[in-house]
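Participant: The structure's right below; bear with me while I get my questions together.
The values are calculated or read from the model by the stated rules, or taken from the named source; none is laboratory data. This structure is a prediction, so every number in the text was calculated from the model and none was measured. All Cβ positions, even for glycine, are placed from backbone atoms using ideal geometry, and neighbour counts span all protein chains on display.
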Amino acid sequence: MRVVVLTGAGISAESGVPTFRDAGGLWEGHRVEDVATPEGFARDPDTVHRFYDARRRAAAQAEPNPAHLALARLEQLLGDDFLIVTQNVDDLHERAGSERVVHMHGDLFMALCESCGDRSPHSADLIERPPCPNCGERMLRPDVVWFGEMPYELDRIDEALVRCDLFAAIGTSGGVYPAAGFVMVATEFGARTIELNLAASEITPLFDEVRHGPASIVVPEWVE
Ligand code: BJW
(Lines give C-alpha, C1' and ligand atoms only; values in the text may rest on other atoms or scores of the structure.)
Protein backbone atom coordinates (compact mmCIF):
# COMPACT_ATOMS: atom_id res chain seq x y z
CA MET A 1 0.00 0.00 0.00
CA ARG A 2 1.34 3.41 -0.99
CA VAL A 3 0.88 6.13 1.61
CA VAL A 4 1.43 9.90 1.40
CA VAL A 5 1.27 11.95 4.60
CA LEU A 6 0.98 15.73 4.48
CA THR A 7 2.03 17.41 7.73
CA GLY A 8 1.56 20.96 8.96
CA ALA A 9 2.45 23.05 11.98
CA GLY A 10 0.01 21.13 14.23
CA ILE A 11 2.26 18.05 14.28
CA SER A 12 5.06 20.07 15.88
CA ALA A 13 2.82 22.02 18.30
CA GLU A 14 3.29 19.55 21.13
CA SER A 15 7.06 19.77 20.63
CA GLY A 16 6.73 23.42 21.61
CA VAL A 17 6.91 24.90 18.10
CA PRO A 18 4.03 27.40 17.76
CA THR A 19 1.58 27.01 14.88
CA PHE A 20 0.79 29.91 12.55
CA ARG A 21 -2.90 30.54 12.93
CA ASP A 22 -3.90 29.24 16.38
CA ALA A 23 -4.13 31.60 19.37
CA GLY A 24 -0.57 32.45 20.38
CA GLY A 25 0.48 31.52 16.85
CA LEU A 26 3.58 32.66 15.06
CA TRP A 27 2.15 35.63 13.29
CA GLU A 28 1.33 37.33 16.59
CA GLY A 29 3.27 40.54 16.69
CA HIS A 30 4.03 40.21 12.98
CA ARG A 31 1.88 40.84 9.95
CA VAL A 32 2.10 37.89 7.53
CA GLU A 33 2.88 40.30 4.70
CA ASP A 34 5.87 41.61 6.64
CA VAL A 35 7.59 38.33 7.42
CA ALA A 36 6.44 35.75 4.86
CA THR A 37 6.44 37.51 1.50
CA PRO A 38 9.29 38.48 -0.83
CA GLU A 39 7.98 42.05 -0.67
CA GLY A 40 8.23 42.10 3.14
CA PHE A 41 11.82 40.85 2.94
CA ALA A 42 12.75 43.46 0.33
CA ARG A 43 11.25 46.20 2.56
CA ASP A 44 12.81 45.14 5.85
CA PRO A 45 15.26 42.22 5.66
CA ASP A 46 16.47 42.69 9.25
CA THR A 47 13.01 42.14 10.75
CA VAL A 48 12.49 39.05 8.60
CA HIS A 49 15.94 37.67 9.53
CA ARG A 50 15.22 38.26 13.22
CA PHE A 51 11.86 36.46 12.88
CA TYR A 52 13.56 33.41 11.31
CA ASP A 53 16.52 33.52 13.72
CA ALA A 54 14.05 33.21 16.62
CA ARG A 55 12.19 30.37 14.86
CA ARG A 56 15.50 28.60 14.18
CA ARG A 57 16.49 28.78 17.84
CA ALA A 58 13.07 27.49 18.97
CA ALA A 59 13.13 24.61 16.48
CA ALA A 60 16.67 23.61 17.47
CA GLN A 61 15.57 23.30 21.10
CA ALA A 62 12.43 21.30 20.31
CA GLU A 63 12.32 17.49 20.35
CA PRO A 64 10.24 15.18 18.12
CA ASN A 65 6.98 14.08 19.79
CA PRO A 66 5.12 10.73 19.59
CA ALA A 67 3.44 11.78 16.31
CA HIS A 68 6.77 12.30 14.52
CA LEU A 69 8.06 9.04 15.99
CA ALA A 70 4.96 7.08 14.87
CA LEU A 71 5.41 8.29 11.27
CA ALA A 72 9.06 7.20 11.36
CA ARG A 73 7.88 3.72 12.43
CA LEU A 74 5.37 3.64 9.57
CA GLU A 75 8.16 4.44 7.12
CA GLN A 76 10.16 1.51 8.53
CA LEU A 77 7.27 -0.77 7.57
CA LEU A 78 6.46 0.69 4.15
CA GLY A 79 9.86 1.83 2.87
CA ASP A 80 9.67 3.39 -0.60
CA ASP A 81 5.88 3.14 -0.55
CA PHE A 82 5.80 5.92 2.06
CA LEU A 83 6.39 9.65 1.71
CA ILE A 84 6.03 12.56 4.11
CA VAL A 85 5.28 15.87 2.44
CA THR A 86 5.76 18.48 5.12
CA GLN A 87 4.89 22.15 5.03
CA ASN A 88 7.06 22.56 8.11
CA VAL A 89 10.51 24.10 7.93
CA ASP A 90 11.72 22.42 11.16
CA ASP A 91 13.72 19.16 11.12
CA LEU A 92 11.65 17.18 13.62
CA HIS A 93 10.64 14.46 11.12
CA GLU A 94 14.30 13.80 10.30
CA ARG A 95 15.28 13.85 13.98
CA ALA A 96 12.51 11.30 14.65
CA GLY A 97 14.19 9.01 12.09
CA SER A 98 12.17 9.70 8.91
CA GLU A 99 14.21 9.68 5.70
CA ARG A 100 11.62 10.06 2.97
CA VAL A 101 10.61 13.66 3.62
CA VAL A 102 9.87 16.47 1.14
CA HIS A 103 10.07 19.98 2.62
CA MET A 104 7.72 21.76 0.23
CA HIS A 105 7.98 25.11 2.07
CA GLY A 106 11.75 24.95 2.52
CA ASP A 107 14.15 24.44 5.38
CA LEU A 108 14.79 26.73 8.32
CA PHE A 109 18.37 25.51 8.57
CA MET A 110 19.31 26.44 4.99
CA ALA A 111 20.06 29.79 3.37
CA LEU A 112 19.28 30.66 -0.24
CA CYS A 113 21.26 32.95 -2.53
CA GLU A 114 18.90 34.72 -4.92
CA SER A 115 21.82 35.72 -7.16
CA CYS A 116 23.14 32.25 -8.04
CA GLY A 117 20.49 29.92 -6.54
CA ASP A 118 22.99 28.25 -4.20
CA ARG A 119 21.51 26.65 -1.07
CA SER A 120 23.86 26.37 1.89
CA PRO A 121 23.55 25.48 5.59
CA HIS A 122 22.34 28.45 7.61
CA SER A 123 24.64 29.39 10.49
CA ALA A 124 22.90 28.92 13.81
CA ASP A 125 23.21 32.54 14.82
CA LEU A 126 23.45 35.06 12.05
CA ILE A 127 24.29 38.23 13.92
CA GLU A 128 27.16 38.38 11.50
CA ARG A 129 25.64 37.16 8.24
CA PRO A 130 28.15 35.33 6.04
CA PRO A 131 28.14 35.86 2.25
CA CYS A 132 27.14 33.19 -0.28
CA PRO A 133 29.85 30.46 -0.26
CA ASN A 134 29.38 30.05 -4.03
CA CYS A 135 29.30 33.57 -5.49
CA GLY A 136 30.07 35.92 -2.59
CA GLU A 137 26.70 37.73 -2.70
CA ARG A 138 26.23 39.43 0.67
CA MET A 139 22.45 39.21 1.05
CA LEU A 140 21.33 35.61 1.66
CA ARG A 141 17.73 34.86 2.59
CA PRO A 142 16.10 32.06 4.57
CA ASP A 143 15.51 29.08 2.25
CA VAL A 144 11.76 29.09 2.85
CA VAL A 145 8.80 29.46 0.48
CA TRP A 146 6.87 32.68 0.96
CA PHE A 147 3.43 33.64 -0.36
CA GLY A 148 3.53 34.11 -4.11
CA GLU A 149 6.53 31.77 -4.51
CA MET A 150 6.56 28.29 -5.99
CA PRO A 151 6.77 25.48 -3.41
CA TYR A 152 9.57 22.91 -3.78
CA GLU A 153 9.33 19.53 -5.52
CA LEU A 154 5.73 19.84 -6.75
CA ASP A 155 6.35 17.34 -9.57
CA ARG A 156 7.57 14.67 -7.15
CA ILE A 157 4.62 15.40 -4.83
CA ASP A 158 2.09 15.18 -7.66
CA GLU A 159 3.52 11.88 -8.80
CA ALA A 160 3.22 10.46 -5.28
CA LEU A 161 -0.34 11.78 -4.86
CA VAL A 162 -1.48 10.28 -8.14
CA ARG A 163 -0.07 6.86 -7.23
CA CYS A 164 -0.99 6.63 -3.55
CA ASP A 165 -3.68 4.40 -2.04
CA LEU A 166 -3.97 6.38 1.19
CA PHE A 167 -3.51 10.10 1.81
CA ALA A 168 -3.37 11.49 5.34
CA ALA A 169 -3.22 15.16 6.36
CA ILE A 170 -1.98 15.85 9.88
CA GLY A 171 -2.05 19.16 11.78
CA THR A 172 -2.73 21.56 8.94
CA SER A 173 -5.45 24.21 8.73
CA GLY A 174 -6.03 23.66 5.00
CA GLY A 175 -5.89 27.38 4.25
CA VAL A 176 -2.71 27.52 2.18
CA TYR A 177 -2.51 26.29 -1.40
CA PRO A 178 -1.38 24.21 -3.21
CA ALA A 179 -1.04 21.93 -0.13
CA ALA A 180 -4.71 22.41 0.77
CA GLY A 181 -5.64 20.97 -2.64
CA PHE A 182 -3.66 17.72 -2.28
CA VAL A 183 -6.67 15.89 -0.80
CA MET A 184 -8.60 16.64 -3.99
CA VAL A 185 -5.81 15.30 -6.20
CA ALA A 186 -5.51 12.11 -4.11
CA THR A 187 -9.29 11.61 -4.16
CA GLU A 188 -9.49 12.16 -7.90
CA PHE A 189 -6.90 9.43 -8.45
CA GLY A 190 -8.67 6.92 -6.22
CA ALA A 191 -6.94 7.19 -2.83
CA ARG A 192 -8.73 6.90 0.48
CA THR A 193 -8.21 10.06 2.56
CA ILE A 194 -8.01 10.76 6.30
CA GLU A 195 -7.55 13.96 8.28
CA LEU A 196 -5.91 13.90 11.72
CA ASN A 197 -6.20 17.31 13.35
CA LEU A 198 -6.90 18.93 16.69
CA ALA A 199 -10.18 20.36 15.38
CA ALA A 200 -12.06 20.73 12.12
CA SER A 201 -10.01 22.42 9.40
CA GLU A 202 -11.10 24.45 6.39
CA ILE A 203 -11.06 21.27 4.27
CA THR A 204 -12.45 18.65 6.68
CA PRO A 205 -15.52 17.86 4.50
CA LEU A 206 -13.23 16.70 1.68
CA PHE A 207 -11.87 13.70 3.63
CA ASP A 208 -13.32 10.17 3.78
CA GLU A 209 -12.44 9.88 7.46
CA VAL A 210 -11.63 12.44 10.16
CA ARG A 211 -10.08 11.93 13.58
CA HIS A 212 -9.90 14.89 15.95
CA GLY A 213 -7.43 15.16 18.82
CA PRO A 214 -3.84 16.09 19.62
CA ALA A 215 -1.38 14.67 17.10
CA SER A 216 0.67 12.97 19.85
CA ILE A 217 -2.38 10.78 20.59
CA VAL A 218 -4.26 10.36 17.31
CA VAL A 219 -1.26 9.75 15.05
CA PRO A 220 0.23 6.84 17.07
CA GLU A 221 -3.29 5.36 17.40
CA TRP A 222 -3.77 5.60 13.64
CA VAL A 223 -0.36 4.09 12.86
CA GLU A 224 -0.64 1.11 15.28
C1 BJW B 1 -2.99 20.51 15.91
C2 BJW B 1 -2.37 20.62 17.13
C3 BJW B 1 -2.04 19.42 17.74
C4 BJW B 1 -2.77 22.58 16.55
N5 BJW B 1 -2.30 18.28 17.11
N6 BJW B 1 -3.25 19.36 15.31
C7 BJW B 1 -5.51 29.02 -4.69
C8 BJW B 1 -4.74 28.05 -5.30
C9 BJW B 1 -3.35 28.12 -5.30
C10 BJW B 1 -2.72 29.17 -4.66
C11 BJW B 1 -3.47 30.15 -4.05
C12 BJW B 1 -4.84 30.09 -4.09
N13 BJW B 1 -5.31 31.15 -3.43
C14 BJW B 1 -4.25 31.88 -3.02
C15 BJW B 1 -3.11 31.30 -3.37
C16 BJW B 1 -1.75 31.80 -3.04
C17 BJW B 1 -1.19 31.38 -1.71
C18 BJW B 1 -2.25 30.95 -0.73
O19 BJW B 1 -2.51 29.78 -0.52
N20 BJW B 1 -2.86 31.89 -0.05
C21 BJW B 1 -3.90 31.57 0.96
C22 BJW B 1 -3.79 32.55 2.09
C23 BJW B 1 -5.26 31.50 0.28
N24 BJW B 1 -0.22 30.31 -1.90
C25 BJW B 1 1.02 30.57 -2.29
O26 BJW B 1 1.41 31.70 -2.50
C27 BJW B 1 1.95 29.38 -2.46
N28 BJW B 1 2.54 29.41 -3.76
C29 BJW B 1 1.80 29.27 -4.86
O30 BJW B 1 0.59 29.17 -4.83
O31 BJW B 1 2.54 29.25 -6.04
C32 BJW B 1 1.83 29.21 -7.29
C33 BJW B 1 1.17 27.88 -7.54
C34 BJW B 1 -0.09 27.84 -8.07
C35 BJW B 1 -0.72 26.61 -8.33
C36 BJW B 1 -0.05 25.44 -8.06
C37 BJW B 1 1.22 25.49 -7.55
C38 BJW B 1 1.81 26.71 -7.27
C39 BJW B 1 3.08 29.44 -1.45
C40 BJW B 1 2.60 29.28 -0.03
C41 BJW B 1 3.78 29.46 0.93
C42 BJW B 1 3.35 29.36 2.38
N43 BJW B 1 4.44 29.77 3.20
C44 BJW B 1 4.30 29.63 4.65
C45 BJW B 1 5.61 30.16 5.29
C46 BJW B 1 6.74 29.14 5.08
C47 BJW B 1 7.98 29.49 5.80
C48 BJW B 1 7.77 29.56 7.30
O49 BJW B 1 7.52 28.53 7.96
O50 BJW B 1 7.85 30.68 7.82
O51 BJW B 1 4.10 28.25 5.00
S52 BJW B 1 2.84 30.43 5.31
C53 BJW B 1 2.52 29.19 6.54
O54 BJW B 1 1.26 28.51 6.24
C55 BJW B 1 3.63 28.14 6.37
C56 BJW B 1 2.87 26.86 6.58
O57 BJW B 1 3.59 25.79 6.03
C58 BJW B 1 1.55 27.14 5.91
C59 BJW B 1 0.43 26.26 6.34
O60 BJW B 1 0.15 26.42 7.70
P61 BJW B 1 -0.23 25.14 8.56
O62 BJW B 1 0.91 24.22 8.65
O63 BJW B 1 -1.49 24.58 8.08
O64 BJW B 1 -0.39 25.79 10.03
P65 BJW B 1 -1.65 26.51 10.70
O66 BJW B 1 -1.17 27.26 11.88
O67 BJW B 1 -2.43 27.26 9.70
O68 BJW B 1 -2.59 25.30 11.18
C69 BJW B 1 -2.21 24.42 12.22
C70 BJW B 1 -3.29 23.35 12.34
O71 BJW B 1 -2.85 22.42 13.30
C72 BJW B 1 -4.66 23.88 12.81
O73 BJW B 1 -5.68 23.29 12.02
C74 BJW B 1 -4.76 23.39 14.25
O75 BJW B 1 -6.09 23.06 14.63
C76 BJW B 1 -3.90 22.16 14.21
N77 BJW B 1 -3.26 21.85 15.49
N78 BJW B 1 -2.27 22.00 17.45
C79 BJW B 1 -2.93 18.33 15.87
N80 BJW B 1 -1.45 19.43 18.94
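Participant: Kindly check whether there is at least one residue in region 136-158 that is of a type in the set (A, V, I, L, M, F, W, C), touching a strand residue (DSSP E or B) at 6+ places or on another chain (Cβ under 9 Å) and over 23 Å from Arg57 (Cβ atoms).
Facilitator: So far as region 136-158 goes, yes, one or more of its residues are of a type in the set (A, V, I, L, M, F, W, C), touching a strand residue (DSSP E or B) at 6+ places or on another chain (Cβ under 9 Å) and over 23 Å from Arg57 (Cβ atoms).
Participant: Do you know which residues across region 1-14 are closer than 16 Å to Pro214 by Cα, surrounded by fewer than 22 Cβ atoms within 10 Å (Cβ to Cβ) and more than 8 Å from the ligand (Cβ to nearest atom)?
Facilitator: Within region 1-14, none qualify.
Participant: Okay, next question. Do you know which residues across region 196-215 are over 17 Å from Asn65 (Cβ atoms) and more than 7 Å from the ligand (Cβ to nearest atom)? Steps first, answer last, please.
Facilitator: If we filter region 196-215 for residues that are over 17 Å from Asn65 (Cβ atoms), which is where we start, we get 199-210, 212.
Across region 196-215, the qualifying residues are Ala200, Glu202, Ile203, Thr204, Pro205, Leu206, Phe207, Asp208, Glu209, Val210, His212.
Participant: Among Phe207, Phe189, which is modelled with pLDDT of 95 or more and surrounded by 16 or more Cβ atoms within 10 Å (Cβ to Cβ)?
Facilitator: Working: Phe189 fails: surrounded by 16 or more Cβ atoms within 10 Å (Cβ to Cβ).
Going through Phe207, Phe189 in turn, just one is modelled with pLDDT of 95 or more and surrounded by 16 or more Cβ atoms within 10 Å (Cβ to Cβ): Phe207.
Participant: Next up: Out of the residues in region 125-168 meeting the condition of being of a type in the set (Lys, Arg) and closer than 23 Å to Arg192 by Cβ, tell me which one is nearest to the ligand (Cβ to nearest atom). Talk me through it step by step, then tell me what you get.
Facilitator: In the first step, residues of region 125-168 are kept if they are of a type in the set (Lys, Arg); the result is 129, 138, 141, 156, 163.
Restricting the remaining residues to those that are closer than 23 Å to Arg192 by Cβ gives 156, 163.
Working: Arg156: 13, Arg163: 19 Å.
The selected residue is Arg156.
Participant: On to the next question. Quick test for you: out of Glu33, Glu63, pick the one residue that is more than 10 Å from the ligand (Cβ to nearest atom) and modelled with pLDDT under 90. Don't jump to the end; show me each part of the working.
Facilitator: Details: Glu63 fails: modelled with pLDDT under 90.
Going through Glu33, Glu63 in turn, just one is more than 10 Å from the ligand (Cβ to nearest atom) and modelled with pLDDT under 90: Glu33.
Participant: In this structure, is Phe182 within 23 Å of Ala9 (Cα to Cα), part of a helix (DSSP H, G or I) and more than 9 Å from the ligand (Cβ to nearest atom)?
Facilitator: Values: within 23 Å of Ala9 (Cα to Cα): yes; part of a helix (DSSP H, G or I): yes; more than 9 Å from the ligand (Cβ to nearest atom): yes.
When the stated conditions are applied, Phe182 passes them.
Participant: Could you list, ordered by first residue, the pairs with Cβ atoms under 9 Å in which the first is in region 178-199 and among the hydroxyl-bearing types (Ser, Thr, Tyr) and the second is assigned to a helix (DSSP H, G or I), at least 6 apart or interchain?
Facilitator: That search, which allows pairs on different chains as well, returns Thr187/Leu206; Thr193/Val183; Thr193/Ala186; Thr193/Thr187; Thr193/Leu206.
Participant: When both residues are 6+ apart or on different chains and their Cβ atoms are under 7 Å apart, which pairs have a first residue that lies in region 1-22 and is part of a loop (DSSP other than H, G, I, E, B), and a second that is among the basic types (Lys, Arg)?
Facilitator: Arg2/Arg163
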